[in-house]
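K.L.:
Handing you a structure now.
The values are calculated or read from the model by the stated rules, or taken from the named source; none is laboratory data. All values derive from a computational prediction rather than experimental measurement. FYI the Cβ positions are ideal-geometry reconstructions off the backbone, even for glycines, and counts take in every protein chain you see.
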Amino acid sequence: MKTFATCIAVNAVACALAMPAAARDVNESMNAAEDGRVSISNTSGSIEVQGWSRDQVAISGSVGDEVEELVFERSGDNVRIKVKVPEGNRRFHDVSADLVIRVPAQSSLDVATISADIEVRGVKGEQDLQAISGDIDSEAFAGDIDAETVSGDIEVQGDGKKAQSDLQTVSGDIAAQRIAGDVDAETVSGDIGIADSSVERADLETVNGSITFRATLESDGRLDIETVNGRVDVDFVGKVSARFDIETFNGRIRNCFGPKPERTSKYAPGWELSFTHGDGDGRVTIATLNGGLNLCMD
Amino acid sequence: MNSKQEDSIMERAAGLAKEIPPSRDLWPGVEAAIAETPAKASEKSVFAPWFAQAAAVVLLVGASSGLTYFAMKDAGSSSAPVVLSPDLVFQQTSFARYDLGPGFQDARDRLSSQLAQELKRLSPEARSEVEQNLEAIRTAILEINSALDAEPDNALLQELLLNTYREELTVMNRVGGLTQNVMTRNNGRRNDI
């Protein structure tokens, strides 16, 4: 009988361990500075940050039972939210939280996740967003945005106000719309797309991904594009005035501006194209190894 | 060759500059590009900043001292380096086909080893993605090297090669720094406020 009872107890423990842990709901809020900084860290799940008109930070959502504690504290103008992992769980297995966090609209953000996706809406301050394998999807305003992920995609929707956008991923795609000012975008195997934007300076680099630029290059602006194996499509919106220097080792160049590309050598497959359009106050450089490229203007 | 001639040659060789500065200094731009990521990373983490700095410095030193690989490849080590392109000069190398100097290789190895430690903390999927992408960069380096075999004095290829080497260092540094920063924050060792 004792053995039987022991078996039941062992099985019960085994079942308990095997069962998915239940999540618990979270609903908390505190007062915050109108334009303070909100720092958020999470392991897996999701983080959705929404700007609102109240001087408060509010959290709702659910956290897994494995989460040791949801830290929610304020120090001066800074608010910290942290999904705390138990001491022994250094590999962050089975720790998840899905949180919707409302912050004062003028706040700046500092978000770091491991595999949790990050979504930001209506937050007008600077944004520093980092994930290892999560996607980053943000609305950006006049505040600078720095988004980095390893294997996730990055999507930024601007509102046409000038800012610095640093967008970097390794294997994900980068898509930015309605941004203005300066943009640096870099990925290894993902694609880069910049659309409906107006940039003063853009530096776009991939190794194997394609690059699409359908935007306005501001007067005296600079556009630098480099890819090893990706295809390049540049379609300027509005007038463009720049000096163009384009070269590809093994791709074709299609140019709507008129001048024809020339062979770099009669023995090699490379093409180059240099010309000035308009006053030539801006500068456009494009370099590829194998990618072909289209250069056009609306 | 008699010993007098030999002495004369040796004397003239000793008087030759050991480095040939590029006729156009491209390296401040490269330096800025490389230094940007470590600087940003160091604000957020302590991921081996000296590795990154060392790699950047070594890359710069290796590059700006004149990449004379093409010149040296066929001319033999006793020949004076020859500038093949007005903008870029390559020095003899041995990593992949080119080597930006033993210091570069050493720094790259250390950065790679540091990254390997950080990658252990990632999920198998994320780790595999990083490894595949680093492999893609290395494949691109080989592709460019291959193209350079056919056109050794092609400035576009030389620039792409250098930038792709830089990209490899940048990705290793960025991924390592990002991983450490995110893990540290999520592990509770960093106090954010």
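K.L.:
Checking B:Arg174 against (1) assigned to a helix (DSSP H, G or I); (2) among the basic types (Lys, Arg); (3) facing another protein chain (nearest Cβ under 10 Å); (4) surrounded by fewer than 21 Cβ atoms within 10 Å (Cβ to Cβ): exactly one of these is not met. Which one?
P.N.:
Result: B:Arg174 passes all but (4).
K.L.:
Taking the condition touching a strand residue (DSSP E or B) at 6+ places or on another chain (Cβ under 8 Å), more than 10 Å from chain A (Cβ to nearest Cβ) and in contact (Cβ under 8 Å) with a residue 24 or more places away in the chain, does B:Gln180 pass?
P.N.:
It is false that B:Gln180 is touching a strand residue (DSSP E or B) at 6+ places or on another chain (Cβ under 8 Å), more than 10 Å from chain A (Cβ to nearest Cβ) and in contact (Cβ under 8 Å) with a residue 24 or more places away in the chain.
K.L.:
Within region B:141-155, which residues are part of a helix (DSSP H, G or I), crowded, with 21+ Cβ neighbours inside 10 Å and either more than 9 Å from chain A (Cβ to nearest Cβ) or touching a Phe, Trp or Tyr at 6+ places or on another chain (Cβ under 8 Å) (or both)?
P.N.:
Across region B:141-155, the qualifying residues are B:Ile141, B:Ala147, B:Leu148.
K.L.:
Does A:Thr113 satisfy the criteria of being hydroxyl-bearing (Ser, Thr, Tyr), under 20 Å from A:Glu28 (Cβ atoms) and touching a strand residue (DSSP E or B) at 6+ places or on another chain (Cβ under 7 Å)?
P.N.:
yes
K.L.:
Another one. State yes or no: is B:Glu159 over 18 Å from A:Gly209 (Cβ atoms), within 10 Å of chain A (Cβ to nearest Cβ), over 18 Å from the mean Cα position of the chain (by Cα) and not polar (S, T, N, Q)? Write out each step before concluding.
P.N.:
On the way: over 18 Å from A:Gly209 (Cβ atoms): yes; within 10 Å of chain A (Cβ to nearest Cβ): yes; over 18 Å from the mean Cα position of the chain (by Cα): no; not polar (S, T, N, Q): yes.
So B:Glu159 fails the test.
K.L.:
Can you give me the number of residues within region A:279-298 that are within 14 Å of another protein chain (Cβ to nearest Cβ) and of a type in the set (A, V, I, L, M)? If you could, list the steps in order and put the result at the bottom.
P.N.:
If we filter region A:279-298 for residues that are within 14 Å of another protein chain (Cβ to nearest Cβ), which is where we start, we get A:283, A:285-291, A:293.
Then drop every residue that is not of a type in the set (A, V, I, L, M), which leaves A:286-287, A:289, A:293.
Within region A:279-298, residues that are within 14 Å of another protein chain (Cβ to nearest Cβ) and of a type in the set (A, V, I, L, M) number 4.
K.L.:
I need a count of the residues in region A:34-63 that are over 23 Å from the mean Cα position of the chain (by Cα) and within 14 Å of chain B (Cβ to nearest Cβ).
P.N.:
2
K.L.:
Here's a follow-up. Just one of A:Val170, A:Val79 is under 22 Å from B:Gly176 (Cα atoms) and of a type in the set (A, V, I, L, M); which is it? I'd like the intermediate steps shown before the answer.
P.N.:
Numbers: A:Val79 fails: under 22 Å from B:Gly176 (Cα atoms).
Within the list A:Val170, A:Val79, the selection yields A:Val170.
K.L.:
State all residues of region B:122-140 that are more than 7 Å from chain A (Cβ to nearest Cβ) and either crowded, with 17+ Cβ neighbours inside 10 Å or touching a helix residue (DSSP H, G or I) at 6+ places or on another chain (Cβ under 6 Å) (or both); if no residue qualifies, say none.
P.N.:
Scanning region B:122-140 gives B:Arg127, B:Leu134.
Yes or no, residue by residue, for (1) closer than 21 Å to A:Lys239 by Cα; (2) without any contact (Cβ under 8 Å) to a residue 12 or more places away in the chain; (3) among the polar types (S, T, N, Q); (4) out of contact with any His (no Cβ under 8 Å at 6 or more places or on another chain):
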position: A:Thr169; (1), (2), (3), (4): no, no, yes, yes
position: A:Gln177; (1), (2), (3), (4): yes, no, yes, yes
position: A:Ala180; (1), (2), (3), (4): yes, no, no, yes
position: A:Thr187; (1), (2), (3), (4): no, no, yes, yes
position: A:Ile194; (1), (2), (3), (4): yes, no, no, yes
position: A:Leu204; (1), (2), (3), (4): yes, no, no, yes
position: A:Asn208; (1), (2), (3), (4): no, no, yes, yes
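K.L.:
Please tell me if B:Glu135 is modelled with pLDDT under 90 and in a helix (DSSP H, G or I). Quick ask: steps written out before the conclusion?
P.N.:
Values: modelled with pLDDT under 90: no; in a helix (DSSP H, G or I): yes.
For B:Glu135, the condition - modelled with pLDDT under 90 and in a helix (DSSP H, G or I) - is not met.
K.L.:
Further question on the same structure: Would you list the strands (runs of 3 or more DSSP E) that sit entirely within region A:202-298 and hold 2 or more residues that are aromatic (Phe, Trp, Tyr)? Steps first, please.
P.N.:
Working: elements: A:211-227, A:232-236, A:242-248, A:253-255, A:271-277, A:282-288, A:293-297.
The qualifying strands (runs of 3 or more DSSP E) are A:271-277.
Conditions tested, residue by residue: (1) under 17 Å from A:Cys296 (Cβ atoms); (2) of a type in the set (D, E, K, R); (3) over 24 Å from the mean Cα position of the chain (by Cα); (4) surrounded by fewer than 18 Cβ atoms within 10 Å (Cβ to Cβ).
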residue	(1), (2), (3), (4)
A:Ile179	no, no, no, no
A:Thr187	no, no, no, no
A:Asp191	no, yes, no, no
A:Ser197	yes, no, no, no
A:Val207	no, no, no, no
A:Ser219	no, no, yes, yes
A:Asp224	no, yes, no, yes
A:Glu247	no, yes, yes, no
A:Glu262	no, yes, yes, yes
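K.L.:
Looking at region A:147-158, which of the residues that are outside any strand (DSSP E or B) and modelled with pLDDT of 95 or more is surrounded by the most Cβ atoms within 10 Å (Cβ to Cβ)?
P.N.:
We begin by selecting, within region A:147-158, every residue outside any strand (DSSP E or B); these are A:150-153, A:158.
Add one more test, that the residue is modelled with pLDDT of 95 or more, and what stays is A:153, A:158.
Numbers: A:Asp153: 19, A:Gly158: 24.
The selected residue is A:Gly158.
Condition check ((1) of a type in the set (Val, Ile, Thr); (2) at pLDDT 95 or above; (3) within 21 Å of A:Glu119 (Cα to Cα)) across all residues:
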residue: A:Ala12; (1), (2), (3): no, no, no
residue: A:Cys15; (1), (2), (3): no, no, no
residue: A:Arg24; (1), (2), (3): no, no, no
residue: A:Asn31; (1), (2), (3): no, yes, no
residue: A:Gly36; (1), (2), (3): no, yes, yes
residue: A:Gly45; (1), (2), (3): no, no, yes
residue: A:Glu48; (1), (2), (3): no, yes, yes
residue: A:Trp52; (1), (2), (3): no, yes, yes
